[in-house]
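Everything below concerns the one structure shown next.
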Amino acid sequence: MRILLVEDDTHLRTQLRTALQDAGYTVDEADNGRDAQFLGETEAMDAVVLDLGLPVVDGLTVLKRWRAEGRNMPVLILTARDALHDRVQGLDMGADDYMVKPFELPELLARLRALLRRSQAATSSVLSFGPLELDTATRLACLRYGADAPALPLELGPREWTVMEYLLINAPKPANKDKLLQALTGWDKEITPNAVEVYISRLRGKLEPHGLALRSIRGFGYRLELLPPVADADTQAGA
């Protein structure tokens, strides 16, 4: 997913860019409101992290112009302005969330994930990769081989669903193991890193018979992939 990061503080922008890239996002940057407005108008962004105190054009003006032009990508305001009227004004201008500096990075990433999930759900409740479909509205998973083919139900436990949803949100990019662990802590605060491997193993057993693989990316996490088709016996014999 593609994130526009708008921040004029070079040191903070570098830290945020690194954190977002480590989380698997593609990051575009702007250090002033004019460039930010241009990028938001000309490029397809999945979300924006927007400072307010920007050179050339302030962040609220940029946000107001985007919304007036029908640019509906989720916007998370990240600013030092902590007064109530600033927060109210930012939200009224069309921001989807508002965070005040200083902030905790894990919270920012969690809020950004929530914005992206809501945005994706607003356009479609179905996450898909190859034959696999997850309907986040009905909480049903299935495998579908062709638009007119019947859906084959796929049984997933609640924690398996959490892991599978995160993998699909990131696919075809790899999902970070630490982020998967964070997603699972909503179920159990005492959960250990080994739990991720347990659920990945269970999901592999359910997905591989249907042509889907969960590949381990050493030192990072897991990536959902399509397995190559297996040649039938007649084809192999004639080779």
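The values are calculated or read from the model by the stated rules, or taken from the named source; none is laboratory data. Note that the structure is a prediction, hence the values are computed from the model and not measured. Cβ placement follows ideal geometry from the backbone for every residue including glycine, while neighbour counts extend to all protein chains displayed. Note: areas computed on protein heavy atoms with side chains; ligands, DNA, RNA excluded. Shrake-Rupley method; radii C 1.70, N 1.55, O 1.52, S 1.80 Å.
The 3J(HN,Hα) values that the Karplus relation (6.51, -1.76, 1.60; θ = phi - 60°) gives for the range 26-43 are, in residue order, 8, 10, 9, 10, 9, 10, 8, x, 5, 5, 4, 4, 4, 5, x, 8, 10, 10 Hz. Gly and Pro appear as x.
Rolling a 1.4 angstrom probe over the protein heavy atoms, how many square angstrom per residue are accessible across the chain? Write out the running numbers ahead of the final one.
Working: 12520 Å² over 239 residues.
So the chain comes to 52 Å² accessible per residue, rounded to a whole number.
Among MET93, MET73, what's the order by accessible area (1.4 angstrom probe), most exposed first?
Working: MET93 55, MET73 25 Å².
If we order MET93, MET73 from most to least accessible, we get MET93, MET73.
Enumerate by residue number the GluC sites (Glu not before Pro) in the range 63-124 meeting two conditions: DSSP loop (anything except H, G, I, E, B), and at most 10 other Cβ atoms within 10 Å of the site's Cβ. Provide the component values of the computation, followed by the final result.
Numbers: sites: GLU69, GLU104, GLU107; in loops: GLU69, GLU104.
Answer in residue order: GLU104.
The H on the amide N of LEU140, modeled in the peptide plane, is under 5 Å from the matching H of ASP135, each at least 5 residues off or on a different chain.
Each label was represented as a point 7 Å from its Cα along the Cα-to-Cβ direction; for LEU140 and GLN21 these points are 4.3 nm apart.
Can you give the longest run of the chain that contains no trypsin sites (Lys or Arg not before Pro) sitting in a DSSP loop with at most 14 other Cβ atoms inside 10 Å?
Details: sites that count: ARG139, LYS189, ARG218.
Free of exposed loop sites, the longest segment is 1-138.
Only protein atoms count toward the accessible area here, which uses a 1.4 Å probe; on the range 105-225, the carbon and sulfur part of that area reaches 52 percent. Here the label points at LEU226 and ARG34, each 7 Å from Cα along the C-beta direction, are separated by 4.5 nm in the simple model.
Residues whose amide H falls under 5 Å from that of ASP97, counting only those 5 or more places apart or on a different chain, are VAL75, ILE77, with hydrogens built in the peptide plane. Label separation (ALA151 vs VAL57): 4.2 nm, computed from points 7 Å beyond Cα along the C-beta direction.
Find, among the GluC sites (Glu not before Pro) in the range 124-163, those assigned to loop by DSSP (not H, G, I, E, B) with at most 14 other beta-carbon atoms within 10 angstrom.
On the way: sites: GLU133, GLU155, GLU160; in loops: GLU155.
Passing sites in the range 124-163 are GLU155.
Taking Kirkwood radius over Cα pairs in Å as calculated from this structure, the corresponding entry among (1) 19.8; (2) 21.1; (3) 17.8 is (1).
How much of the DSSP bridge set in the chain is antiparallel, in percent, rounded to the nearest 5?
Numbers: 18 of 34 bridges.
Just about 55 percent of them are antiparallel.
What the phi angles of the range 157-171 give under the Karplus curve with 6.51, -1.76 and 1.60, with θ = phi - 60°, is a coupling list of x, x, 6, 4, 4, 4, 5, 5, 4, 5, 4, 5, 4, 8, 4 Hz, glycine and proline written as x. Phi-derived couplings, Karplus 6.51 cos²θ - 1.76 cosθ + 1.60 at θ = phi - 60°, listed residue by residue for the range 56-72: 6, 9, 6, x, 5, 5, 4, 4, 4, 5, 4, 5, 5, 8, x, 7, 10 Hz, with x used for Gly and Pro.
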